[in-house]
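Notes follow once the structure below has been shown.
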Amino acid sequence: MKTIIWDWNGTLLDDAGIAVQADNTLLARHGLPPVSLAWYRDHVEVPVERYYAKLFNLDQAPFEQLAQQFMEEYHRLAPTARLAGGAREALEALQRENWRQVIISSFEGRALREYAERFGVSGCFAHISGEDGIFSRGKVERAVELLAGEPGPYTVVGDMTHDYDMARALGADCILVAAGHQSRPVLERCGVPVLESLWELPALLHSGGDPAKGREAAQ
């Protein structure tokens, strides 16, 4: 059975703007200037501690403390988040076509499952796998463990280069979406298809992985 491995934040959930708002709240508390969404999308990376080292002096403001404060702000703002454009339609289309769908995310697992329930999409997934805690260290090893022994082929769909890293570790195809946490120029360095939005995904999968053909079919 063909399997889609979804990322959550920035891929299925349109929350990059919320992340920037939360970061800017923390920056203001430390007397630092805000960042723009465009700057964020060009500089954010996983593990997030490396990104925060670009914003804060981590000797003065420990990463663990910042991560806790970020999540408090994120959850305060989260009610304004929405599913990404085309996300629900893509999930439902692939479900009708008997794709097996899983989420493997750097987001905290309990909160991830709650958000999937809140948006009414949890029933689309065979597995929903998140981090054990709030500190996002990466998901590659967890993906390898979760899918060990399960038949492919796999296709990873995400919005960050870390999703490409996961795909490589799994020997999976990868499709990236330039509507989330990292910009198109950053994603294009991976050398895999980069979509403008998830509206293009079902057509791309039917086109055999050619983004141009998939975009034409989606129009």
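Laboratory data are not the source of any read-out in this text; all were calculated from the coordinates shown. Bear in mind that the values here come from a model prediction, so they are computed numbers and not experimental data. Positions of Cβ are generated from backbone atoms using ideal geometry, with glycine treated the same way; all protein chains shown enter the neighbour counts.
Summary table
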item	result
Hz values of 3J(HN,Hα) by residue in the stretch 181-197 - Karplus curve (6.51, -1.76, 1.60), Gly and Pro given as x	8, 10, 7, 4, x, 5, 5, 5, 5, 6, x, 10, x, 10, 9, 6, 7
Distant-in-sequence amide H partners of Cys174 (H built 1.01 Å from N, under 5 Å)	Val156
Sorted by Cβ density within 10 Å, fewest first, the residues Lys139, Lys2, Lys54	Lys54, Lys2, Lys139
Distance cut-off 29 Å, percentage of C-alpha pairs in the stretch 42-195 lying past it	17 percent
³J(HN,Hα) computed for each position of the stretch 32-41 - Karplus, 6.51 cos²θ - 1.76 cosθ + 1.60, integer Hz, glycine/proline x	10, x, x, 10, 8, 4, 5, 5, 4, 5
Efficiency of FRET between Glu72 and Asp42 - r from beta-carbon atoms, R0 22 angstrom, step 0.05	0.30
Order of Val156, Val177 - criterion: other Cβ atoms within 10 Å of each residue's Cβ, fewest first	Val156, Val177
Estimated vicinal HN-Hα couplings, Hz - the stretch 153-161 in sequence order (Karplus 6.51, -1.76, 1.60; Gly, Pro = x)	x, 10, 10, 8, 10, x, 10, 9, 4
Cα-projected label distance for Glu64 with Leu27, points at 7 Å along beta-carbon direction, nm	2.6 nm
Sequence of Arg189, Arg168 once ranked by neighbouring C-beta atoms within 10 Å, starting from the fewest	Arg189, Arg168
Charge dipole (debye, nearest 20) of the stretch 12-132; +1 at Cβ of Lys and Arg, -1 at Cβ of Asp and Glu	260 debye
Dipole magnitude (debye, nearest 20) for the chain, charges at Cβ of Lys, Arg, Asp, Glu	180 debye
Charge dipole magnitude, Cβ of K and R +1, D and E -1 - the stretch 16-80, Cα centre, debye nearest 20	160 debye
Summed side-chain charge close to Glu108 - residues other than Glu108 whose Cβ falls under 11 Å, Lys, Arg +1, Asp, Glu -1	-1
